[in-house]
Amino acid sequence: YTSTEVTRAHLDRIEATEEQIGSFLTVTPDVALATAADVDRRRAAGEQLHPYAGVPVALKDLVVTEGIRTTAASKMLADWVPPYDATVYAKIKAAGLPVLGKTNLDEFAMGATTEHSAFHVTRNPWNTDTVPGGSSGGAASAAAAFQAPLSVGTDTGGSVRQPAAFTGTVGVKPTYGSVSRYGIIAMASSLDQVGPIGRTVADAAALHQLMAGHDPHDSTSLREPVPDFLAAAAVGAQDGSLRGTRLGVVKQLTGEGYAAGVQAAFDHALALAQAAGAEIVEIDMPSLSYALDAYYLLMPSEVSSNLARYDGMRFGLRAEPESGPITAETVMAATRAAGFGDEVKRRIILGTYALSAGYYDAYYGSAQKVRTLVQRDFAAAFEQADVLVSPTAPTTALPFGKEESGDPMALYLGDASTIPANLAGIPGMSLPAGLADGMPVGFQLLAPAREDARLYTVGAGVE
Ligand code: GLN
């Protein structure tokens, strides 16, 4: 097939299914077909192209794309057309991957269901009465519904892995700093990472490989050569690859609080891995009992600082007060009142409170200490195991409306198994581990920092 044929097939599929699913905020057929035509012409001319050149991709609408509206699913940026490209997008273009469009998310990536989008909900292709997870819900549903073979998401506390789990796809959160954050709209900068979503471990490996690498525009970018993730996945796909691999089952991330069907699917996948020669070890990580609390202090603190830039002056929405004087303060207040949704406001308020003088040591300071303990627990755990494993989420995809039920805490608890990796900066993967009541269950793998390749080897072995 030519890239034009493949790209057209996906655009047709989007057209046929988008009304039911709602993965996209913007579809870009012209952009996609132009890239596809260019790839076809160059390939016909005998040019040596990237192996994934011509394979279409969808981008979470948190990736800044020059000339293509980028909204973060917020009214604040509803009409923003960026004047520059995120490094990840520049790399995708340079490799010749046609971009099908920008996918839906929770506003500024804050959420776990994609219901916090200011524009519309996204439905899980497995059961359209349930959410696709979040915040990268549109990216995951696009891959699951065969609207796109590959998608780019971001993961601050699980936003690639959890929607991958809910939609039966493979999602990876790379080592912090290994994929550039330049041009990724910031949520919580010390936790944010860009990651690939695909339907197979090898597809995720290929997209990850293409996006990774040092970037002088990102001060937290690692200066290290990118390993061959595709080769790592190929090794894992060979018979017997799991023999001798020590899989660490984290005590705090199984059992109580996990739905019976989820636990059963996880246990079954683990038994299969054991039958294939993996060694199962139990790991105790006491600090994980506090990881969620630390995240929900550190993350809003960074959010309150990162979102200060949406002030009605520089770019994005500008609203004016209905009455009274027009000053910098009143414009700012009117803009932020009109532009941000409830969840975003809730987190900004939490963050400014946690950072305020007099509370800083009690809240932010303590949370930073927990973060250090989590990092130490991981270091000790990786002495005993090659890879740590857990269910990716405590449930399968939830029905709609939980976000509106007025209980944000219940949803925050759903992040318990994914958040520790972000606090420690280590890589994680979610891959499908069968079904519970007809809905996909995610199997999470965690590896030490900079050992992302290990996820692809073990992931392909478990797959
Ligand atoms: N669900 C988590 C939260 O609401 C994770 C979000 C994310 O990873 N972007 O913060």
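Since every read-out is calculated from the coordinates, none of them should be taken as a lab result. As the structure is a prediction and not an experimental result, all values here were calculated from the model. When we count neighbours, we look across all protein chains shown, and the Cβ atoms used for this are built from the backbone with ideal geometry, even at glycine.
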Could you list the residues of the range 328-370 with an amide nitrogen less than 20 Å from a label point located 7 Å from the Cα of ASP79 in the Cα-to-C-beta direction?
331-341
Among DSSP beta bridges lying fully in the chain, give the percent that are antiparallel, nearest 5.
65 percent
Using a basic spin-label model with each label point 7 Å from the Cα along Cα→Cβ, how many nm lie between ASP12 and ARG318?
4.7 nm
Counting other beta carbons within 10 Å of each Cβ, put HIS50, HIS268 in order, fewest first.
HIS268, HIS50
On a full-extension model of 0.36 nm per residue, what is the gain between GLN375 and ALA271, subtracting their alpha-carbon distance, rounded to one decimal in nm?
34.6 nm
Net charge over other residues, Cβ less than 13 angstrom from the Cβ of VAL389 (K, R count +1; D, E count -1)
0
Residues ASP267, ASP192 arranged by fewest to most Cβ contacts within 10 Å:
ASP267, ASP192
Using only the Cα atoms, work out Rg/Rh for the range 76-182, with Rh taken as the Kirkwood radius, to two decimals.
0.96
Which FRET efficiency value, to the nearest 0.05, do you get for TYR412 and ALA94 by plugging their Cβ-Cβ distance into 1/(1 + (r/R0)^6) with R0 = 45 Å?
0.70
When the convex hull of the C-alpha atoms of the chain is computed, what volume per residue in Å³ does it have?
143 Å³
What are the lysines whose alpha-carbon lies under 19 Å from the alpha-carbon of LYS91, with same-chain residues fewer than 8 places away excluded?
LYS60, LYS102, LYS173
Take the Cβ-Cβ distance between TYR359 and GLN20 as r, set R0 to 41 Å, and report the resulting FRET efficiency rounded to the nearest 0.05.
0.30
